[in-house]
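Here the structure is laid out as structure tokens; the discussion comes afterwards.
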Amino acid sequence: MYESNFIPYINRWGRATSLLAVALSFGPALALLTVFEIVPPTGAVVGGFLSVAVTFGLIWFIEPISYYPVLGIPGTYMAFLSGNISNLRLPCAAAAQESADVEAGTPRGSIISTIAIAGSIFVNITILTVGVFALVPVFEAMPEFGRNALESYLVPAIFGAIFAQFGRDYPKVAAVGLCIALSMTLLMEFGFLAFLPGLPLYAVILVSVFGTIYVAKLMWQNGMIETDS
């Protein structure tokens with residue numbers, strides 16, 4: 001049922017809604033072009049795209065691959081449409097899978113992730129609605145150090161909790177991932193990646209994600225780690 005009915009249904013609607021989101025994203029630009037006949041210079045369009053691509057281009061490929069095992073196919077469609085993946089959708093999916101005692105990357109894990117992400121979207125919309133009228137003034141009234149702490153350390157704290165959760169189940173893979181990420185971060189901080197174009201943070205992310213995946217595969221092939229699926 002999952003492979004033959006559910007996933008084809010999800011892919012059909014997921015692709016349709018994703019394409020609709022792309023069309024709506026370009027809506028304002030098309031309105032300026034067709035209604036108001038405002039055409040930006042080609043150089044400005046190309047320059048703007050290149051500046052964004054250099055900064056975020058690798059993330060376009062890394063995030064879907066690295067988040068997919070936890071999110072699953074339906075969760076990936078919903079998460080990338082609704083946003084707030086790293087600080088909301090991914091933690092909700094991971095927490096729900098742990099509570100339901102299912103393994104990420106399995107059909108059961110995908111279904112639990114789908115339910116969790118759907119619930120988080122509805123809760124998120126409700127909280128945002130309340131926040132617009134109530135929480136924003138409260139946040140602005142907080143001392144500056146409190147606002148800085150929330151803005152600077154909230155996402156790292158969430159990722160730390162997720163790392164601890166999965167590291168408990170796979171401590172060897174967690175140790176490898178931590179060593180690779182720490183080594184790459186130190187190389188960047190001490191200028192050993194300065195030969196790379198732009199801010200070399202993308203190299204840290206790229207090597208950390210795919211390096212950990214590769215080493216974990218080798219460990220699994222040699223019987224150093226086991227999975228339930």
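The values are calculated or read from the model by the stated rules, or taken from the named source; none is laboratory data. Bear in mind the structure is a predicted one, so any value in this text is a computation, not a measurement. Virtual Cβ from ideal backbone geometry, glycine too; neighbours counted across all protein chains shown. Note: accessible area is taken over every heavy atom of the protein model, side chains too, but ligands, DNA and RNA are not part of it. Shrake-Rupley method; radii C 1.70, N 1.55, O 1.52, S 1.80 Å.
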- Tally, over the range 195-229, of residues that are modelled with pLDDT of 85 or more and either under 23 Å from the mean Cα position of the chain (by Cα) or crowded, with 17+ Cβ neighbours inside 10 Å (or both): 12
- Take the range 174-228 and flag every residue that is within 30 Å of Asp101 (Cα to Cα) and of a type in the set (S, T, N, Q). Ser208, Thr212, Gln221, Asn222, Thr227
- helices (runs of 4 or more DSSP H) within the range 84-162 that include 2 or more residues modelled with pLDDT of 90 or more, open to solvent by 40 Å² or more (accessible area, probe 1.4 Å) and of a type in the set (Val, Ile, Thr): 107-130
- Across the range 20-35, what is the number of residues that are over 17 Å from Ala79 (Cβ atoms) and open to solvent by 90 Å² or more (accessible area, probe 1.4 Å)? 5
- Query: Taking interchain pairs and intrachain pairs at least six residues apart, which have beta carbon atoms under 9 angstrom, with the first residue in the range 56-77 and on the phi > 0 side of the Ramachandran plot and the second of a type in the set (S, T, N, Q) and surrounded by 14 or more Cβ atoms within 10 Å (Cβ to Cβ)?
  - Reply: Gly72/Thr106; Gly72/Ser110; Gly72/Ser113; Gly72/Thr114
- What pairs come up if the first residue lies in the range 110-123 and is in the same structural domain as Asn84 (by TED's automatic domain parsing), the second is assigned to a helix (DSSP H, G or I) and of a type in the set (Ser, Thr, Tyr), and their beta carbons are under 7 Å apart, counting only those six or more places apart or on different chains? Ile121/Ser82
